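> Here it is, the structure, as structure tokens.
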């Protein structure tokens, strides 16, 4: 049997629903927990450079040691200092958030406050991880870089708000 490709692709949107829960898009939850035997655990941390969160599954931690090794080797080749302890702390300082079979999860308020998420989340796939944006923050970015993602987010946001009004 061919191995499934690892990674997150696509885009999604979720309004904060009842009980303060958001919904993880199906493409992302299936990548994290493709079978009922896999733990439904969303790992979240602040993106190191952008005003958003980064999400991934627990299996991503399998690559952390090799990633630190590569980064340390690159720093040494360039004659730069590398603080291995700090980098490991940065990688491993994520919050584990459970989600149910429908993808519903509660985003911790501390993480919401870091990136301005209030009542909705735009999810953007990005291979080994994905980003969770407050739509307002995504709209502030240069359209030359993320115009397609902004347009999709606006469309998905409008559709979600229209569905919410009908309820």
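The values are calculated or read from the model by the stated rules, or taken from the named source; none is laboratory data. None of the values given here were measured: they were computed from a predicted structure. We place every Cβ from the backbone using ideal geometry, glycine too, and count neighbours over all the protein chains shown.
> Report, by residue number, each residue of segment 30-76 that is in contact with a strand residue (DSSP E or B) (Cβ under 9 Å, 6 or more places away or on another chain) and in a loop (DSSP other than H, G, I, E, B).
33, 38, 39, 40, 47, 48, 50, 51, 52
> Looking at (1) in a helix (DSSP H, G or I); (2) loosely packed, with under 11 Cβ neighbours inside 10 Å; (3) at pLDDT 95 or above, which is the one condition that is false for residue 79?
The single condition residue 79 does not satisfy is (1).
> Right, here's the next one. Do any helices (runs of 4 or more DSSP H) entirely within segment 82-167 hold 2 or more residues that are in contact with a helix residue (DSSP H, G or I) (Cβ under 7 Å, 6 or more places away or on another chain), and if so, which?
84-92, 135-139, 143-166
> Answer yes or no: is there a residue in segment 42-60 that is in contact with a helix residue (DSSP H, G or I) (Cβ under 9 Å, 6 or more places away or on another chain) and over 26 Å from residue 152 (Cα atoms).
Within segment 42-60 (the criterion being in contact with a helix residue (DSSP H, G or I) (Cβ under 9 Å, 6 or more places away or on another chain) and over 26 Å from residue 152 (Cα atoms)), the answer is yes, since at least one residue qualifies.
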